[in-house]
Amino acid sequence: MVLGKPRNRHLTTGNGRCVFLTGAQLLIELLLEQGATTVFGYPGGAVLPIYDALYDCPSIRHILVRHEQAAVHAADGYARVTGKAGVALVTSGPGATNAITGIATAYMDSVPMVVLTGQVSSNLIGLDSFQEVDIFGMTMPITKHNFMVMDIAELPRIVKSAFHLATTGRPGPVLIDMPKDIMQGPAPSRHKPVELSSVPQLRGYKPDTSIPDEELQAVFGKLAQAQRPALLVGGGCMSEAASSLLLSLAEQAAIPVVSTLMGLGAFPTDHPLHLGMVGMHGTVAANKAVQQADVLLCLGVRFSDRVSGNPKSFSPHSFKIQVDIDESELNKNVSVHLALHGSVNEVLTALLSGGLTGSWEEWNKQIEAFPRRIPALSTKGEALLQPQEVIRLVHAQTAGEAVVATDVGQHQIWAAHHYPFKRPRSLLSSGGLGTMGFGLPAAIGAAVAEPGRPIVCISGDGSIQMNIQELMTAVDYGLDLKIVILKNGYLGMVRQWQQLFHDKRYSSVKISSPDFAGLARTFGARGYYARSRAEAEAVIHEAWAEPGVAVLEFDVTEEMNVYPMIPPGGDASQTIEYE
């Protein structure tokens with residue numbers, strides 16, 4: 001056999017139908033039936049049969065990452081920008097456990113994903129065999145559902161069910177654990193596609209819940225009679241359809257809109273009706289509007305502690321209406337007056353078709369007086385480059401059209417405030433779990449999914465070092481990806497909390513870093529360094545002048561804090577606006 005030549009590992013019957021020789025081949029065919037064209041993974045002994053089958057399949061692109069956590073984050077980024085289920089493939093034991101953080105990240109942020117894990121042969125399960133862990137049990141709290149394939153005849157039903165579960169209702173990750181002997185063993189003698197109607201209806205899973213007409217009418221009535229209405233938008237509005245409906249409704253009714261971090265982009269953040277992000281690091285205008293509203297329509301929002309602060313004092317004067325596809329989120333963190341279990345699209349469509357309008361002239365005048373500006377740049381050390389400046393320059397360079405993947409920390413909030421997002425699926429950020437190391441692999445997934453769109457990873461010198469090995473992945477696949485590193489010499493957000501709330505010395509979070517620009521060159525990427533605004537403008541222009549992977553290192557002001565900020569568990573009245 002010529003090295004590298006695809007091998008034919010299936011037989012064709014007289015009528016042209018394929019008879020698959022192995023369970024792994026059948027798995028690949030089932031992935032194709034579900035529309036999967038990309039798999040992010042890392043091989044190992046337990047999944048070698050699957051990799052053999054992938055080798056023979058030119059229709060599925062395999063992206064070889066450098067760490068299993070990155071495989072899942074990349075599948076996550078792919079899913080967030082496309083709305084389709086991302087697919088990750090990892091081996092048993094440490095491969096599977098390395099994937100757990102990525103699975104939990106996707107679960108917390110409701111990202112559709114199918115994670116394929118290898119497992120030791122079925123006769124070795126439970127014997128503490130080499131590279132054996134109970135990944136099925138370990139991940140049950142952080143997946144929508146788990147499957148273990150113990151009978152190859154069940155594989156068509158399992159794969160179809162997994163994609164159905166991952167992408168319907170409240171999206172989320174589904175795991176399929178696959179013993180090696182099942183994958184390398186014989187497949188059924190024939191296979192026909194599984195119809196959607198044959199997918200089992202799991203007990204308690206009802207993804208297509210319809211909202212009763214009387215509840216929709218109650219929402220309409222409350223908003224029509226309101227004096228100070230507001231819309232609070234979360235990650236549940238991130239689909240193209242929901243975003244379009246939301247924009248139409250807000251403009252038709254002239255209702256102000258505020259967003260959670262996960263909801264940024266669902267409504268254009270530079271729109272006159274958008275007051276900014278709410279919560280701990282929200283704008284003064286957004287938090288004031290929420291606190292003073294008399295009717296608050298909350299769409300796809302789960303009221304995490306970073307949004308609500310003290311739940312007892314959250315929007316104390318409003319009639320709160322919560323709409324969520326996941327019934328378990330209703331009244332969980334914040335008590336609401338009207339809870340609707342169903343799609344935000346259904347509510348928005350009903351309000352639009354009903355011609356919702358109101359007389360909110362006084363409210364709109366009051367809102368105009370709310371300070372919308374983000375605090376001005378620090379005057380401490382004016383000659384030093386400031387992180388907000390860098391993000392604004394990146395925004396100007398990309399004309400606001402980029403997909404921006406962030407890590408977690410100060411840079412994440414600066415990006416949320418200083419890079420206006422025009423459309424949904426433009427900001428990829430770990431909101432629920434707060435996963436450092438998410439940004440670069442998520443950006444890789446986005447670059448694979450949308451090769452014609454500007455992709456930017458914004459990170460800090462702490463976060464980027466968690467998965468910096470994935471630079472090699474980006475270079476290997478010739479991705480057009482720009483990595484912006486705001487280097488301030490600290491784990492910045494931890495330092496800020498210690499300074500503001502713990503009155504502690506924070507030398508323990510001072511962090512050293514390599515020469516990122518020089519390191520980028522060793523990976524085969526372009527590297528740039530800047531420490532002044534003039535240098536920053538120059539390197540940004542140069543980096544974007546040609547496609548490919550570029551790392552831009554910005555030496556920024558060391559001890560700058562993120563503002564506004566509400567203390568943990570506090571409310572808008574305790575906002576710290578600036579130093």
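The values are calculated or read from the model by the stated rules, or taken from the named source; none is laboratory data. From a predicted model like this one, the values you see are computed outputs, not experimental measurements. All Cβ positions, glycine included, derive from the backbone under ideal geometry; neighbour counts span all protein chains shown.
Here T522 passes the criteria (1) polar (S, T, N, Q); (2) surrounded by 21 or more Cβ atoms within 10 Å (Cβ to Cβ); (3) modelled with pLDDT of 75 or more except the one numbered (2).
State all residues of region 522-579 that are among the small types (G, A, S) and outside the structural domain of L481 (by TED's automatic domain parsing); if no residue qualifies, say none. Passing the criteria: G569, G570, A572, S573. Filtering region 526-579 to residues that are over 15 Å from V284 (Cβ atoms), assigned to a strand (DSSP E or B) and not hydroxyl-bearing (S, T, Y) leaves R526, G527, A530, V549, A550, V551, L552, E553, F554, D555, V556.
Is it fair to say P387 is over 18 Å from I464 (Cβ atoms) and surrounded by 24 or more Cβ atoms within 10 Å (Cβ to Cβ)? No.
All of F136, F220, F147 fail the test of being at pLDDT 95 or above, surrounded by fewer than 22 Cβ atoms within 10 Å (Cβ to Cβ), outside the structural domain of A36 (by TED's automatic domain parsing) and of a type in the set (A, V, I, L, M, F, W, C), apart from F220.
The set of residues from region 225-235 being modelled with pLDDT of 95 or more and either among the aromatic types (F, W, Y) or assigned to a helix (DSSP H, G or I) (or both) comprises just one member, G235.
Screening K180 against (1) over 25 Å from G265 (Cα atoms); (2) surrounded by 15 or more Cβ atoms within 10 Å (Cβ to Cβ); (3) modelled with pLDDT under 95 leaves a single unmet condition, (3). Scoring Q292 on the criteria (1) over 24 Å from the mean Cα position of the chain (by Cα); (2) within 21 Å of A399 (Cα to Cα) leaves a single failure, condition (2).
Among the residues of region 392-412, those that are in a helix (DSSP H, G or I) and surrounded by fewer than 24 Cβ atoms within 10 Å (Cβ to Cβ) comprise R392, L393, H395, A396, Q397, T398. Any residue in region 98-115 that's assigned by TED's automatic domain parsing to the domain that holds G169: show its pairings with residues that are surrounded by fewer than 23 Cβ atoms within 10 Å (Cβ to Cβ) and in a strand (DSSP E or B) at Cβ separation under 9 Å, as long as the two are six or more apart or on different chains. Pairs that qualify, where the first residue is assigned by TED's automatic domain parsing to the domain that holds G169 and the partner is surrounded by fewer than 23 Cβ atoms within 10 Å (Cβ to Cβ) and in a strand (DSSP E or B), are V114/I176; V115/I176.
When S308, S313 are screened for being at pLDDT below 95 and surrounded by fewer than 18 Cβ atoms within 10 Å (Cβ to Cβ), only S313 passes. Summed over region 122-180, residues that are in contact (Cβ under 8 Å) with a residue 40 or more places away in the chain, touching a helix residue (DSSP H, G or I) at 6+ places or on another chain (Cβ under 7 Å) and part of a loop (DSSP other than H, G, I, E, B) total 6.
One residue stands out in region 251-286 among those that are among the small types (G, A, S) and modelled with pLDDT of 95 or more: the one that is surrounded by the most Cβ atoms within 10 Å (Cβ to Cβ), namely A266. All conditions in (1) crowded, with 19+ Cβ neighbours inside 10 Å; (2) at pLDDT below 95; (3) not assigned by TED's automatic domain parsing to the domain that holds D480 hold for S378, with the sole exception of (1). Among strands (runs of 3 or more DSSP E) entirely within region 1-102, having at least 1 residues that are at pLDDT 95 or above and either touching a Lys or Arg at 6+ places or on another chain (Cβ under 6 Å) or of a type in the set (K, R) (or both) singles out 38-41, 61-64. Could you say whether any residue in region 503-514 is under 17 Å from D461 (Cβ atoms), at pLDDT below 95, out of contact with any Ser or Thr (no Cβ under 9 Å at 6 or more places or on another chain) and among the aromatic types (F, W, Y)? Taking every residue of region 503-514 in turn, at least one turns out to be under 17 Å from D461 (Cβ atoms), at pLDDT below 95, out of contact with any Ser or Thr (no Cβ under 9 Å at 6 or more places or on another chain) and among the aromatic types (F, W, Y).
Answer yes if at least one residue in region 508-525 is out of contact with any Phe, Trp or Tyr (no Cβ under 6 Å at 6 or more places or on another chain) and farther than 22 Å from A443 by Cβ, and no otherwise. Yes, region 508-525 contains at least one residue that is out of contact with any Phe, Trp or Tyr (no Cβ under 6 Å at 6 or more places or on another chain) and farther than 22 Å from A443 by Cβ. The requirement of being closer than 28 Å to A416 by Cα and modelled with pLDDT of 95 or more is satisfied by G172.
Do we find a residue being without any contact (Cβ under 8 Å) to a residue 60 or more places away in the chain and of a type in the set (S, T, N, Q) anywhere in region 288-306? No, every residue in region 288-306 fails to be without any contact (Cβ under 8 Å) to a residue 60 or more places away in the chain and of a type in the set (S, T, N, Q).
Where helices (runs of 4 or more DSSP H) fall entirely within region 288-378, those with at least 1 residues that are within 24 Å of E240 (Cα to Cα) are at 305-308, 344-353.
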